[in-house]
Amino acid sequence: MRFSFKLLLWTLVVMAIAFGLGGAYFVNYVFETSMARETGQALEESSILRFAFETAALNAPAKYDVLPDRTIGQIAYNLAGGDGGRMLRILDEQGAVIYGSEGAEGDGRLVEQTDEEHNAYQVVRREERYLIQACMQVDVLDRTLYLETMRDVSEVFKERALGFTVYRRMTVVMLILGTFIMHGISSWLTRPIRLLTRATKRMAQGEYGYRARKVSSDELGQLTQDFNQMANALEENIGKLEEELRAREDFVGAFAHELKTPLTAIIGYADMLRSRRLDEEKSFLSANYIYTEGKRLEAMSFRLLEIIVTKRSQIQPRMIEAAYLFQYLQDMYANDRTMTFLFQCGDGKVWADPDLIRSVLMNLIDNACKASEPGGAVWISGQRLEGGYRFFVEDQGIGIPREEQDKITKAFYMVDKSRSRSRNGAGLGLALCAEILALHDSRLEIQSEVGQGTRMSFWLPDPKKDGL
């Protein structure tokens, strides 16, 4: 059952109970008030008749020492107004009826409850009529008599029945009107929930960009806003996962392609050496191709292993002199006569893992060499700035197109594949650099113009102080 229908149903149940209890209380309250008024009037009328009876008895002839029943009956007849007048009865000391007007009947129980200080009354029903029967004690001429009067209160009971009928009809009408009104209110109140449900279904069907419309500013509106924020985070995470999946597929495809090229050369030249007799020069050339492509596979496997290990490792940085890194690089490339290396070391210390940062600098230098013509120059410099140290590696090589600069740190991505393969490149060096710099809370910054060269730099921040 829908929530709006539940809300409507329970509202109608509460309304029905409230109207029923409220109507019963109201009608009964009016009835009891009317009955109290009628009872008071009946007792007051009985008191007046008792006074009139006592007065008439005192005016009776003095020859009677005890008021006879005949005289009592005559007085009662006169008080009753003759035939068809008031309904009253006069009973003697034993409860026997001395006089009773037409319609005045009773069982005598009120006599037992009546004395000089207490009057009694009861409501009796006769067919379709309701009567208040009141009883009072009358003391005249040494006799104790009982005066019973009856007052018709059928109209009060009819009004009560009519009140219940009218209230039931009004309750039905109010419930019908309340059904339409509450249906509209419940639909309005539950509209944010329906919009959230629709958004959930659309997102479950793959529409991750769909958002629920906020239509209120209450708790449901806040829930809608929180849901949309959750959907934004979910969409972002799904986008990242899809991007990672595409990157992984691209990685596998590039890796398979990079394996295929050297393996094809190795298998081809190996088959040539196996299947035919070659002269010494061709045999050497074939073996050299096999060796070169094998070294390329070895370098690629080492780089892949370094990337995997770097992603899973924890660095142990420490403060080291920048001059130590530059001296290592100068010693490393001192015997390389194919390129010109210019080192400019800025004074200061660096917060880093020295082995990993040396690997970053060496990969950047190797890339600069591959991008440059033989005999070209590569500048390696450093500068101490406030809050950290910045390294630069520059060349005057072929440069990198602007649209390619955001992609070159991906594994196996090469701007000029033929040039990179000819120099045993596999597109893994910059990917390794990016992973290492990420461990140092840094990233590779690239400035390049096609045909004018490339400047790569990265920033190593100083360690954060405690409490900052």
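Worth pointing out:
- Integer Hz, Karplus 6.51/-1.76/1.60 couplings in order for the stretch 274-286, x for Gly and Pro: 7, 8, 9, 8, 10, 6, 5, 5, 5, 5, 5, 4, 5
- Accessible heavy-atom area order of ARG168, ARG126, highest first, probe of 1.4 Å: ARG168, ARG126
- Accessible surface for ILE290 stands near 50 Å², nearest 10, in the context of the full protein assembly shown (1.4 Å probe).
- Values (i) 1.65; (ii) 0.99; (iii) 0.95 are given for comparison; Rg/Rh (Cα atoms, Kirkwood Rh), derived from the coordinates here, is the one labelled (i).
- Summing +1 for each Lys or Arg and -1 for each Asp or Glu among the other residues whose beta-carbon sits under 14 angstrom from that of ILE176 gives +2.
- Net charge of Cβ neighbours under 11 Å - reference ALA24; Lys, Arg +1; Asp, Glu -1: +2
- Take the chain with all the other protein chains still there, run a 1.4 Å probe, and you get 62 Å² of accessible area per residue.
- In this view, the solvent-accessible surface of LEU220, computed with a 1.4 Å probe and all protein chains in place, comes to about 50 Å².
- Surface share of carbon and sulfur [accessible, 1.4 angstrom probe, percent] for the chain: 54
- Cα pair distances exceeding 16 angstrom across the stretch 71-163, given as percent: 55
- Exposed loop sites here are GluC sites (Glu not before Pro) assigned a DSSP state other than H, G, I, E or B and surrounded by at most 16 other beta carbons within 10 Å; excluding them, the longest clear run of the chain is 208-385.
- Report summary: the helix-based calculation at 222 nm, which adds -39500 (n - 2.57) for every DSSP H run with n ≥ 4 and divides by the residues of the chain, gives -19500 deg cm²/dmol.
- Among PHE392, PHE26, the sequence by solvent-accessible area, most first, with a 1.4 Å probe is PHE26, PHE392.
- With K and R counted +1 and D and E -1, the other residues having a Cβ less than 10 Å from that of ALA434 yield a net charge of +1.
- Mean separation of Cα contacts under 8 Å, 6 or more apart, over the residue count of the stretch 72-192: relative contact order %: 19
- If you sort HIS118, HIS440 by accessible surface, 1.4 Å probe, largest first, the order is HIS118, HIS440.
- Measuring with a 1.4 angstrom probe and ignoring ligands and nucleic acids, ASP279 comes out at about 80 Å² accessible.
- Separation of alpha-carbon centers, the stretch 97-163 and the stretch 183-247, rounded to whole Å: 77
- Rounded to the nearest whole Hz, the Karplus-based 3J(HN,Hα) values (6.51 cos²θ - 1.76 cosθ + 1.60, θ = phi - 60°) of the stretch 47-52 follow the sequence 5, 5, 5, 5, 5, 5, with x at glycine and proline.
- The chain, relative contact order [Cα under 8 Å, separation at least 6], %: 10
- Of LYS6/LYS201; LYS349/LYS407; LYS407/LYS464; LYS295/LYS349, pairs whose Cα-Cα distance is over 28 Å: LYS349/LYS407; LYS407/LYS464; LYS295/LYS349
The values are calculated or read from the model by the stated rules, or taken from the named source; none is laboratory data. For clarity, every value in this text was computed on a predicted model and none was experimentally measured. Virtual Cβ from ideal backbone geometry, glycine too; neighbours counted across all protein chains shown. Areas reflect the complete protein model, heavy atoms only, side chains present, ligands, DNA and RNA absent. Shrake-Rupley method; radii C 1.70, N 1.55, O 1.52, S 1.80 Å.
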